[in-house]
Ligand SMILES: [Fe+2]
């Protein structure tokens, strides 16, 4: 079976099945279209970076994830459930699924956590805004803590805002394509439902910002999709 047929079969197998999403939106093994044009996040994120990031990097993770699942004869079609329980997979398949499954899930979230500047709320509102203020003192203090996590991540990885098991908010960071759903890989204290995250791999910013990762993080706040983050927060609190 070629990859397209495999993915089609997997998607078909998903129809009608029930699974509990671990975030506000469950993900299958396919790459959804980018929710805006590649140039829509200019001038903060440039069109060429977005085009390569979505069309080459994310697409590559999706292809390699499909290949790894096929090689290991794994039938799981919920990408979030898959990366949540990597330690239960055959040893030989774990690394490829951790890297490429994580890559697929993280990027699928990341595109939704961004939106063209000015298209939605300028910051966290409602219950999310209140929770951020009570946890971090102020929105600016939260941005400082989050920005420090993004800046201190050595090499490639992500910084996250998660809803923890007890319903609290926490800023965390993971290397490579790991994420806060990954039981047995991420420290138990840092497990949770991610409601916002920033990609700090150089492929996310190098063309425009080169070595200046903090400038990328500062600019990125302009394109955060706070409506989507609030939706994720509400869903995580109800879960
Ligand atoms: Fe990336």
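The values are calculated or read from the model by the stated rules, or taken from the named source; none is laboratory data. A quick note: this is a predicted structure, and the numbers were derived from the prediction, not measured. Virtual Cβ from ideal backbone geometry, glycine too; neighbours counted across all protein chains shown.
The listed residues are 60, 118, and the only one of them that is within 15 Å of the ligand (Cβ to nearest atom), modelled with pLDDT of 95 or more and either outside any helix (DSSP H, G or I) or surrounded by fewer than 20 Cβ atoms within 10 Å (Cβ to Cβ) (or both) turns out to be 60. The criterion of being free of Cβ contacts under 8 Å to residues at least 60 places away in the same chain and part of a helix (DSSP H, G or I) does not hold for residue 110. Only a single item in (1) surrounded by fewer than 17 Cβ atoms within 10 Å (Cβ to Cβ); (2) without any contact (Cβ under 8 Å) to a residue 40 or more places away in the chain is not met by residue 127, and it is number (2).
Among the candidates 27, 34, 41, which residue alone is at pLDDT below 95 and within 16 Å of the ligand (Cβ to nearest atom)? Matching residue, one of 27, 34, 41: 27.
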